[in-house]
Every structure is written in structure tokens, then in C-alpha cells.
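Visitor: One structure coming up, written as C-alpha cells, with questions to follow.
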Amino acid sequence: MKYLSLPPKIKVLEALGAIADNRIKNLGKNLYEVISSEGDRKYKVYVNLSLSEACSTDNGTTYRDYVGYPIIAVLMLEGVLPYDEELSRALAGIKWRELNTKYKNYAVVENIVKREVTGRGVSEVRLEEFSEDILAKLRAIKLRKSNVCYTTS
């Protein structure tokens with residue numbers, strides 16, 4: 001079983017947005033469902049911290065082997081990673097996939113989102129510091145990629 005790598009920093013922001021939009025559902029037994037920002041996709045998420053493993057059917061986790069935003073969101077909701085309600089509220093309603101599809105560049109999308117959030121009263125510095133803190137904590141957790149998401153119905 002391979003280890004999941006760190007995600008692009010923007011995935012921390014996307015996780016906060018998913019929580020603000022109430023798009024995460026606990027299905028029990030370490031399983032969750034996360035609805036995409038457009039509402040047209042459902043991602044299966046499995047997180048088992050006692051085994052230090054996780055998976056998600058989002059593209060980043062499935063095809064690029066990094067900790068995708070659905071896993072980050074679950075870890076925040078479970079209290080494993082810090083959660084900031086004010087930052088989360090400021091990221092509500094952002095159409096992540098629409099932006100990612102249009103610009104095809106995470107740095108460009110991140111700048112657009114940061115401008116939006118700044119307009120909602122949250123400083124870019126605070127957002128940056130929070131994201132860096134989450135990535136540092138993820139680095140310490142070291143999750144292995146499980147195959148549970150791809151084998152259970």
C-alpha cells in the first residue's frame with residue numbers, strides 16, 4: 001500500500017468550502033460521502049486513523065495519489081485537523097470545479113478564490129497561514145492509500 005502525498009494547497013480551501021456548504025455526510029464505519037461543489041458528483045471517502053489509511057474517489061486521490069479535499073474535510077470534521085469556521089464560511093458557495101475547469105491552473109484559481117475571500121472579510125495572510133498549518137499536519141499524519149473506496153459498493 002502506497003502513501004498518499006500532500007495535496008496542492010488549494011485543496012485545503014476546497015475542503016473548508018465543502019464543510020461550509022454542508023456537503024459531507026457520515027455514513028458510519030469510517031465511510032463518508034462528499035458531494036461536489038456543482039452537486040452532480042458524489043465521492044466515497046474512507047478514513048481509518050487506527051490503520052493510518054484513507055481513500056477517496058475524487059480525481060486527486062484516485063489518479064494522482066494525494067490527499068484529496070474530501071479526505072481533508074473529513075479529517076477536519078473528525079477533529080484530526082484544525083478547522084476554522086470563519087474561514088470556512090468565507091469559502092462557502094465557491095464553484096471549485098467550474099473554476100478549475102475554466103482556468104486549468106490551481107495557482108490562478110487560488111488567486112481568484114483569495115480575492116473573493118478577501119472581499120468577504122478574511123485576510124489572505126490568515127488563509128495562507130491556515131493552509132500551511134494543515135499541510136504540515138498532513139505531512140505528520142502519513143496516510144496510506146486504501147483500496148476500500150474502490151471495492152465497496
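What follows draws every value from the coordinates through simple rules; no lab data is involved. Just so it is clear, the structure is predicted and the values come from calculations on it, not from any experiment. Note that we place each Cβ from the backbone using ideal geometry, even for glycine, and neighbour counts take in every protein chain shown.
Visitor: Per residue of the chain, what 222 nm ellipticity follows from adding -39500 (n - 2.57) for every DSSP H run with n ≥ 4, rounded to the nearest 500?
Guide: Numbers: 8 runs with 76 residues, N = 153.
When only DSSP H runs of four or more count, the value is -14500 deg cm²/dmol.
Visitor: Which helices, counted as full DSSP H runs in the chain, have an axial Cα extent of no less than 24 Å and a Kyte-Doolittle average of -1.0 or above? All intermediate terms of the calculation are to be shown ahead of the outcome.
Guide: On the way: long enough: 124-141 (26 Å, -0.01).
Helices meeting the criterion: 124-141.
Visitor: For a Förster distance of 35 Å, can you work out the FRET efficiency between the beta-carbons of Ala92 and Met1, rounded to the nearest 0.05? Numbers along the way, then the final one.
Guide: Details: r = 35 Å, r/R0 = 1.00.
Given R0 = 35 Å and the Cβ-Cβ separation, E is 0.50.
Visitor: With a ≥ b ≥ c the root eigenvalues of the C-alpha gyration tensor of the stretch 1-57, is it rounded (a/c under 1.5), prolate (a/b larger than b/c) or oblate?
Guide: Numbers: a/c = 2.00, a/b = 1.27, b/c = 1.58.
Note, shape of the stretch 1-57 comes out oblate.
Visitor: Ok, one more. Give me the number: length gained by fully extending Glu38 to Tyr150, i.e. 0.36 nm times residue separation minus the C-alpha to C-alpha distance, one decimal in nm. Show your work: numbers first, answer last.
Guide: Values: separation 112, 0.36 × 112 = 40.32 nm, distance 2.25 nm.
Gain in length upon complete extension: 38.1 nm.
Visitor: Which residues' amide hydrogens lie under 5 Å from the amide hydrogen of Ser5, considering only partners 5 or more residues apart or on another chain, with H built in the peptide plane?
Guide: Tyr66, Val67
Visitor: Further question on the same structure: For a Förster distance of 25 Å, can you work out the FRET efficiency between the beta-carbons of Arg139 and Thr62, rounded to the nearest 0.05? If you can, show how the numbers build up before the last one.
Guide: Working: r = 21 Å, r/R0 = 0.84.
Plugging the Cβ-Cβ distance into 1/(1 + (r/R0)^6) gives 0.75.
Visitor: Step through the residues of the stretch 28-45 one at a time and calculate ³J(HN,Hα) from phi using the Karplus curve (6.51 cos²θ - 1.76 cosθ + 1.60, θ = phi - 60°), rounding each to whole Hz and writing x for Gly and Pro.
Guide: Once rounded to whole Hz, the list reads x, 6, 6, 10, 9, 10, 10, 8, 5, 5, 8, x, 9, 10, 10, 10, 8, 10.
Visitor: Could you bin all the Cα-Cα distances of the chain into 10 Å bins starting at 0 and give me the percent of pairs in each, rounded to whole numbers?
Guide: 11, 45, 35, 8, 0
Visitor: On to the next question. Residue separation times 0.36 nm, minus the C-alpha to C-alpha distance between Leu27 and Glu129: what's the value? Intermediate values should be presented prior to the final figure.
Guide: On the way: separation 102, 0.36 × 102 = 36.72 nm, distance 3.16 nm.
Going from the current span to full extension adds 33.6 nm.
Visitor: So in the chain, what percent of DSSP beta bridges are antiparallel if you round to the nearest 5?
Guide: Working: 14 of 17 bridges.
Beta bridges within the chain, antiparallel portion: roughly 80 percent.
Visitor: Once each part is reduced to its C-alpha centroid, what is the distance from the stretch 123-153 to the stretch 3-59 in angstrom?
Guide: Centre-to-centre (Cα) distance: 10 Å.
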